[in-house]
Amino acid sequence: MKVLKFGGTSVGSANNILRVKEIIESSDEQKVVVVSAVGGVTDKLIYLANLAEAGNEEYKTKLDEIIDIHYNIIKDLFSPVDIDKIKMLIEPDIDELKSIIKGVFLVKELSRKSFESISGIGERLSSKIIASLVTGTKWFDSREYIKTNLEFGRNQVVQPLTNDLLSSVKASLGKISLFPGFISSNNDNINTTLGRGGSDYTAAILAAAFDADILEIWTDVDGFMTADPRIISRSYCIDRLSYAEAMELSHFGAKVIYPPTILPVYQKEIPIVIKNTFNPQAKGTLIDSFKENISHKQIKGISSIKGMSLITVQGIGMVGVTGISMRLFSSLASKDVNVVLISQASSENSITIAIESGQVKVARKAIESEFKREIELKQINKISVEDEMAVVAIVGENMKHTTGISGMLFNSLGKNGVNVYAIAQGASELNNSFVIKERDTKKALNAIHESFFLSDEYRLNLFLVGKGTVGGKLLKKINEQRDKLALDSKLKIRLCGIASSRKILFDAEGLKIEGIAEKLEKDGLTGSVIEFKDEIVKMNLANSVFVDCTASEQVADLYQSLLEANISVVTANKIASSSSYDIYKKLKQTARKKGVKFLYETNVGAGLPIIAPINDLVKSGDKIVRLEAVLSGTLNFIVNTLSEKKKLSVVIKEAKDMGYSEPDPRIDLSGTDVVRKLLILARESGYVMEKTDIKVEPFVPKDYLDLPSLDEFMAKVPGLDDEYELKRKTLAEQGKRLRYVARLFEGKAKVGLVEVDKSHPFYDLEGSNNIILINSENYSEYPMQIKGYGAGADVTATGVFADIIKVANI
């Protein structure tokens, strides 16, 4: 024999009930079927009762709606000749409902007895309809067999009597027997109910009493999921759970089965299978008494409960005083306050509990009343309350005696900026629970799920500012390398937001990169980069990375707040790192404190690895003594292109037209860009330095750079042609060349034109290449030399991409 229970959604419509009929009739073995009320009807009945109690005549309309729901289902399920017969079958229940509701309306009082009768009508109606539909089904009234007593404000099943009554009826069970769920009665045969999730409990009681081979719970999900699929899109169905694991997950918010359901079948070791009415082919989740660790996963699932509050009782007067905990929990129990989590300091000076937010006022009043004397004597401080909290629990038998679980858990939370307010873990090590702010629930669940269930896979959520040359090339590279990264490195990169100077566009599930620039212009919202940043923080996604491919000071100003929100920053924008030393230092310190990344390798040398090697030397204890570098691809292109036929003014225009220089080449010619790069390298080398500390010799005279407009500059610069050609020619005759060089030595820095001969590494530097020579205490005689392309959108995009990958630590 097996027991099958179908929930409200499974019997929520005529079509769904036909699915239930098909499942019931799919095998020949003996079955006991338990059904809930039609989906939503129990809530409608309770609402109806409240309207009647308030004297609101709208109850009549709501009553008619409930009756019509059932009449319409009958009309859709049965042939015309059978419709009236089925209506007559449920007519006594409907008449009873009308009578009780009218009485409540007249006296404007909803007694417990009336409430229990009204709220249980739905199961009586649905069960009679389904029993009439499924051929050969025998209907039983659960109230005759499941008996309860009222204890501590709740109906508790009287197990010996209930088992005796069910045992007496076992012999008369048919091939298919159907019991309404949820409903019961007391010793005086007055209607009672089994409370929230009571239909599950009914099924478990029947399975235990009838010694069923298995209990099948049919619902609207494939089984227990590793996490809530509405929050974690990559959650998946758990194949198998122990009774204890299922109980823990259910207690902490996994609304698949009602926690007390497990006890009757657990005591008789009857397995439970969770199945999906709408996907009956799915394997589902098996719950049994297995002990062996057949799963390699350290935890089985994650559950969460929102709408919680934390209450803390604290005071020096609690230390070493016996009975404090007893008094606290007794005071709460007297007001029927359910405590979900308890956390107590080992010093005994505080106890923190988590309860549903709706019970806070009652709980606080009860505690203050119980400890009134201690509070007046200041032995206990005032009771503190934290609202808008959530309780999260990780559950799994494999956690027992496994080191590192808590470390992995809290590390994943910490690096994503999730603050933990209270922690509770039993000695059984089956459950590790903690309390966080409700707004952090989604981020916390994603971070934990990725750490424990997708530990061989890492996902980054990118937010890109700047869709121009570098940004466009970056997106192309990500798109091209996406599959390879997923396969080889188990890294999944998802573009969740993009912004231009005028438009912003978001999708938490990921934007399609192909055609994204056009989509941004077409579908993007009008918004600033500040609004873009605010929305990123609000989205609160785990493993978020802000990528800046602009040269905007306004965007650079956002870095600090992003890092403080535990969002990594990858940037090709030099402004932040070359601003004041205090800002630079604070950005680095914030990233380190928050456990996120602030990466800017492309600030110097585009895609060349320059900053990382310097960092490695410094971290290893080496000291940078001297730096000498050509860091401007633009200026190197100019000096390499100068010739008798190509004068300075022509080459500057060519650099501008080819995109080597800034739109206004005076920025490059002033040496400002090189100053910024040298400043960054000096700081990375361990020197405290400001821009004003660097001596600057511009590439062209300052009075040219100070001209009011670019047009005036371009018109006047030919006046320098002969001077620079003469200098070039003279140096060529001497076997020398000009280079615009950045130098750092003994803490002093300068940039300017330098003459180099054939023996110097800079002499043969071609095109727009960069080169850097690093002398340290360990590299004193022969400097470390890094050389290669130092400008261009492609190499810059490659460098940014490399920094993004570094965020994932792969």
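Of all residues in the stretch 523-531, at least one satisfies being acidic (Asp, Glu), over 17 Å from LEU562 (Cβ atoms) and surrounded by fewer than 16 Cβ atoms within 10 Å (Cβ to Cβ). Take the conditions open to solvent by 40 Å² or more (accessible area, probe 1.4 Å), over 21 Å from MET658 (Cβ atoms), touching a Pro at 6+ places or on another chain (Cβ under 9 Å) and polar (S, T, N, Q) and apply them to GLN734. Does it pass? Answer is no for this residue.
For the stretch 330-349, filtered to residues that are open to solvent by less than 60 Å² (accessible area, probe 1.4 Å) and modelled with pLDDT of 90 or more, the residue that is farthest from SER451 (Cα to Cα) is SER331. Applying the condition of being open to solvent by less than 10 Å² (accessible area, probe 1.4 Å) and not in a loop (DSSP other than H, G, I, E, B) to the stretch 214-229 and asking which residue is farthest from VAL392 (Cα to Cα) yields LEU215. Comparison of ASP68, ASP64, ASP28, ASP76 shows that the only residue that is open to solvent by 50 Å² or more (accessible area, probe 1.4 Å), assigned to a loop (DSSP other than H, G, I, E, B) and not β-branched (Val, Ile, Thr) is ASP28. When ALA591 is tested against the conditions (1) touching a Ser or Thr at 6+ places or on another chain (Cβ under 8 Å); (2) within 28 Å of LYS492 (Cβ to Cβ); (3) open to solvent by 10 Å² or more (accessible area, probe 1.4 Å), the lone failure is (3).
Listed conditions (1) at pLDDT below 85; (2) open to solvent by 50 Å² or more (accessible area, probe 1.4 Å) are all met by ILE232, apart from (2).
Restricting the first member to the stretch 178-191 and to residues that are under 10 Å from ALA203 (Cα atoms), and the second to residues that are part of a strand (DSSP E or B), the beta-carbon pairs closer than 7 Å and six or more apart or on different chains are PHE179/VAL32; PHE179/VAL34; PRO180/VAL35; GLY181/LYS5; GLY181/VAL34; GLY181/VAL35; PHE182/THR193.
The residues of the stretch 572-583 that are open to solvent by 10 Å² or more (accessible area, probe 1.4 Å) and within 18 Å of LEU678 (Cβ to Cβ), listed by number, are ALA572, LYS574, ILE575, SER579, SER580, TYR581, ILE583. Contact map, the stretch 275-301: residues that are farther than 20 Å from VAL395 by Cβ paired with residues that are modelled with pLDDT of 95 or more and aromatic (Phe, Trp, Tyr), Cβ distance under 8 Å, separation 6+ or inter-chain. Pairs shown: LYS275/TRP218; ASN276/TRP218; THR277/PHE6; THR277/TRP218.
In the set (1) surrounded by 15 or more Cβ atoms within 10 Å (Cβ to Cβ); (2) outside any helix (DSSP H, G or I); (3) of a type in the set (Asp, Glu), the condition left unmet by GLU96 is number (2).
Pairs meeting the criteria (first residue in the stretch 666-693 and closer than 11 Å to LYS574 by Cβ, second residue in a helix (DSSP H, G or I) and open to solvent by 60 Å² or more (accessible area, probe 1.4 Å), beta carbons under 7 Å, at least 6 apart or on different chains) are ASP673/ILE667; VAL675/LYS691; LEU679/LYS691.
So for the stretch 195-204 (the condition being among the acidic types (Asp, Glu), in contact (Cβ under 8 Å) with a residue 24 or more places away in the chain, open to solvent by less than 20 Å² (accessible area, probe 1.4 Å) and under 20 Å from ILE146 (Cα atoms)), does at least one residue qualify? Yes, that holds for at least one residue.
Please determine whether any residue of the stretch 284-299 is part of a strand (DSSP E or B), open to solvent by 40 Å² or more (accessible area, probe 1.4 Å) and closer than 28 Å to ALA244 by Cβ. Yes, the conditions are met somewhere in the stretch 284-299.
In the stretch 533-571, which residue that is open to solvent by less than 20 Å² (accessible area, probe 1.4 Å) and more than 19 Å from the chain's Cα centre (by Cα) is nearest to ILE231 (Cα to Cα)? If we take residues in the stretch 533-571 being open to solvent by less than 20 Å² (accessible area, probe 1.4 Å) and more than 19 Å from the chain's Cα centre (by Cα), then VAL547 is nearest to ILE231 (Cα to Cα).
Restricted to the stretch 694-810, the set of strands (runs of 3 or more DSSP E) holding at least 2 residues that are polar (S, T, N, Q) comprises 769-776. Is it true that some residue in the stretch 361-381 is surrounded by fewer than 18 Cβ atoms within 10 Å (Cβ to Cβ) and within 28 Å of the chain's Cα centre (by Cα)? No, the stretch 361-381 contains no residue that is surrounded by fewer than 18 Cβ atoms within 10 Å (Cβ to Cβ) and within 28 Å of the chain's Cα centre (by Cα). Determine whether the stretch 480-489 contains at least one residue that is crowded, with 19+ Cβ neighbours inside 10 Å and either aromatic (Phe, Trp, Tyr) or within 27 Å of ALA551 (Cβ to Cβ) (or both). No.
The values are calculated or read from the model by the stated rules, or taken from the named source; none is laboratory data. All figures in this text were calculated on a predicted structure; none of them were measured in a lab. No Cβ is skipped: glycine too gets one built from the backbone with ideal geometry, and neighbour counts run over all protein chains shown. Calculation scope for accessible area: heavy atoms of the full protein, side chains included, ligands and nucleic acids excluded. Shrake-Rupley method; radii C 1.70, N 1.55, O 1.52, S 1.80 Å.
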